[in-house]
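Engineer: Handing you this structure, nothing more for now.
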Amino acid sequence: MAFNAQQFDQDKVNNGAWREIMGGQFLIARAGNERYLEAQERNGKRKATSAAERQRALYQSIAEGILLDWRDVVDKDGKPIAYSVAAAVEVLSENPDLVSAILAEANDSEAYRREDIAEQAKKPPKGSSTG
């Protein structure tokens, strides 16, 4: 089997794949996508001088470039929280375990593979037909 150099679905990489995390549904783009990298530069993640500034820049960048939408995210009273970048930054700021889970999903290459590649990986190898 050869290495397939075009194994990723670029739509999923850039526009996200729905993933279930901690009871919510999150639309997560792949880490390293162009939108995320641009957000990191714009938000000053590399230029931040304090840990708090770096953390805020990271959350803002995740909200702009990785966490693109959500479903089933509620406040303390069980009321749905509508997705927006500002709401995402707030939710991320209050939930460091969610940040870790989102980044883990964003780095899981399996979620962004092309469907035909994923199916090929599931097929058993063909046996030889020497008779």
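None of the figures in this text is laboratory data; all of them are computed from the coordinates on show. If you're wondering where the values come from, they're calculated on a predicted model, not measured in any experiment. Note that each Cβ is placed from the backbone with ideal geometry, even for glycine, and that neighbours are counted across all protein chains shown.
Engineer: Quick one: net charge around Arg19, please, counting Lys, Arg +1 and Asp, Glu -1 for every other residue with C-beta under 13 Å from its C-beta.
Structural biologist: Summing Lys and Arg as +1 and Asp and Glu as -1 gives -3.
Engineer: Would you mind counting up the charge near Gly44? Only other residues with Cβ under 12 Å from its Cβ, with Lys and Arg at +1 and Asp and Glu at -1.
Structural biologist: +4
Engineer: What does the net charge come to around Gln60 if you take all other residues with beta carbon closer than 9 Å to its beta carbon, with K and R at +1 and D and E at -1? Working shown, then result.
Structural biologist: Numbers: positive: Arg42, Lys45, Arg56; negative: Glu64.
So the surrounding residues net to +2.
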